[in-house]
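Data first, discussion second: the structure below is written as structure tokens.
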């Protein structure tokens, strides 16, 4: 059995002993890496999952918890549909409670411009035969009783749902470990050995693992992993803050965006709460990397970004100096366990908006807040690929805040792809080479 820090898996007798060889090495133990290890293990393929920090310790457990097909980029829609099907049976599959509630996803329209955008989303859903529909103001209020912010309608997908991010990735990891996968926390990748155009080994902080297959699911650090191979990825990180409230009166199981907030009510009555579509960008020298790829999206979607010149800038400079953590750990590992501060001011605004939109919740208070690093790409869709060079490399990263919902199907897709040699669905638009080819489009949505 593997080891999982803070995820319920008991340590091995010698947790620091790496195997000399593995069928597959997975870099990054978030929901993508854990799900991939599970679906590979079901096929009898034993993987070693490395994480420089903790298993399920970063963004995968810090998400909103929405599981939606609604509003997806057309290039992502096949993944979203297939993932939704997996979610329906995932609690039974993993034999544990995941907090799954299929209450649908609702976008509330406060003006005609919003409703026009929702009409475009509806057309994409119709093309893929999803049960999305436009709602009148009265129908929205029937779904969310007591919602008092002015509105004129909404977009609703009944088959969408919600789940608990803190439960899902660890559940995948536990089941994968029971089937023979090994999880090594606190062990970062330091390099990848290639010979004759093929992957032959993973170099780690604790030694070398010989393997013909390496899967990069390293989230916002994926660009570092790929850079060690001479592969360019225009990936950056933004900071998203989420809070949990005390329990309030029951309203709805719908996952909702409206009134300037994104929220979902858990079965215990508490809310997950965040700004509806706005994240913080902590300015650093690192943002000069690949800046030209982001100028168009930034100008078009500037309202979605809250640029901050804060302590992150000085921290970034310090990490470039000799004897810093990044210099000691090496360029691939970098900072081992980045701790991102929550935006307290934003959360206070969100709580006020929740109470204004839902006066029944006037007594709820914030009991917990956290922030996560969302890995973004300039066209708003991920990279899911097995590039021809080097042979044996697979990549799943840049999910732009969609990774939690898509995690299960991405893991299954990677496992199917590795075992059959072909992806089980059309992922051409998600190929890595689109950047080198200049074949990118404006983002359909950013988060």
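Derivation of every value follows stated rules applied to the coordinates shown; laboratory data play no part. No experiment lies behind these values; they were computed from the predicted model shown. Neighbour counts run over all protein chains shown; Cβ positions are idealised from the backbone, glycine included.
Mind ranking 138-149, 309-320, 238-249, 406-417 by how tightly packed they are, going by the mean number of other C-beta atoms within 10 angstrom, highest first?
Working: 138-149: 16.1, 309-320: 13.9, 238-249: 20.2, 406-417: 25.0.
So the order, starting with the most tightly packed, is 406-417, 238-249, 138-149, 309-320.
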Query raised in the report: Could you state the principal axis extents of the C-alpha atoms in the stretch 313-442, from the largest down, to the nearest angstrom?
Result: 56, 45, 29
Query raised in the report: Among 107, 294, 302, which comes first, then next, by fewest other beta-carbon atoms within 10 Å?
Result: 302, 294, 107
Report task. Just the number, please: percent antiparallel of the DSSP beta bridges in the chain, rounded to the nearest 5. Result -> 70
Query raised in the report: Of 425, 32, 77, which is the most mobile in a GNM of the chain whose springs link Cα atoms less than 10 angstrom apart?
Result: 425
Requested in this report: Can you bin the stretch 161-289 into rounded, prolate or oblate? Criterion: square roots of the alpha carbon gyration tensor eigenvalues sorted a ≥ b ≥ c, rounded for a/c under 1.5, prolate for a/b above b/c, oblate for the rest.
Outcome: oblate
Report task. May I ask for the angle, rounded to the nearest 10°, between helix 165-178 and the longest principal axis of the chain, with both axes built from Cα atoms and the value confined to 0 to 90°? Result -> 30
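For the chain, what does the relative contact order come out to in percent, with C-alpha contacts under 8 Å and a separation of six or more? Don't jump to the answer; show the numbers that get you there.
Details: 1017 pairs, mean separation 101.3, N = 447.
Relative contact order of the chain: 23 percent.
Which number comes out as Rg/Rh for the chain once both Rg and the Kirkwood Rh are worked out on C-alpha atoms? Mind dumping the intermediate values first?
Working: Rg = 21.3 Å, Rh = 22.3 Å.
Rg/Rh for the chain comes to 0.96.
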**Report entry** Span from the the stretch 351-368 Cα centroid across to the the stretch 185-258 one, whole angstrom
**Finding:** 34
Report summary line: With Cα coordinates, the longest principal axis of the chain makes an angle with the long axis of helix 291-300, in degrees rounded to 10, of 10
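What FRET efficiency, computed as 1/(1 + (r/R0)^6) with R0 = 30 Å and r the Cβ-Cβ distance, is obtained for residue 123 and residue 232, rounded to the nearest 0.05?
Working: r = 35 Å, r/R0 = 1.15.
My answer for the efficiency is 0.30.
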Query raised in the report: So what's the stretch 221-330 giving for Rg/Rh, alpha carbon basis, Kirkwood Rh from the mean inverse pair distance?
Result: 1.09
Query raised in the report: With labels modelled as points extended 7 Å from the Cα through the Cβ direction, what inter-label distance (nm, one decimal) is found for residue 206 paired with residue 367?
Result: 3.6
Requested in this report: Would you mind telling me which residue in 218, 163, 388 has the biggest mean-square fluctuation in a Gaussian network model of the chain, where springs connect alpha carbons within a distance under 10 angstrom?
Outcome: 388
Query raised in the report: From the square roots a ≥ b ≥ c of the eigenvalues of the alpha-carbon gyration tensor of the stretch 386-442, which class results: rounded (a/c under 1.5), prolate (a/b over b/c), or oblate?
Result: oblate
Query - Degrees, to the nearest 10: 403-420 long Cα axis against longest axis of the chain - result: 40
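Sort the stretch 193-259 into rounded, prolate or oblate with this rule: let a ≥ b ≥ c be the square roots of the eigenvalues of the Cα gyration tensor; rounded if a/c is under 1.5, and if a/c is not under 1.5, prolate when a/b is larger than b/c, oblate otherwise. Kindly include the intermediate steps, with their values, before the conclusion.
Values: a/c = 3.62, a/b = 2.78, b/c = 1.30.
Prolate.
Counting helices only, and only those DSSP H runs with n ≥ 4, report the 222 nm mean residue ellipticity of the chain as the sum of -39,500 (n - 2.57) divided by its residues, in deg cm²/dmol to the nearest 500.
Calculated from helices alone, the mean residue ellipticity at 222 nm is -8500 deg cm²/dmol.
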Query raised in the report: To the nearest Å, what is the center-to-center distance of the stretch 137-160 and the stretch 70-120, using C-alpha atoms only?
Result: 16
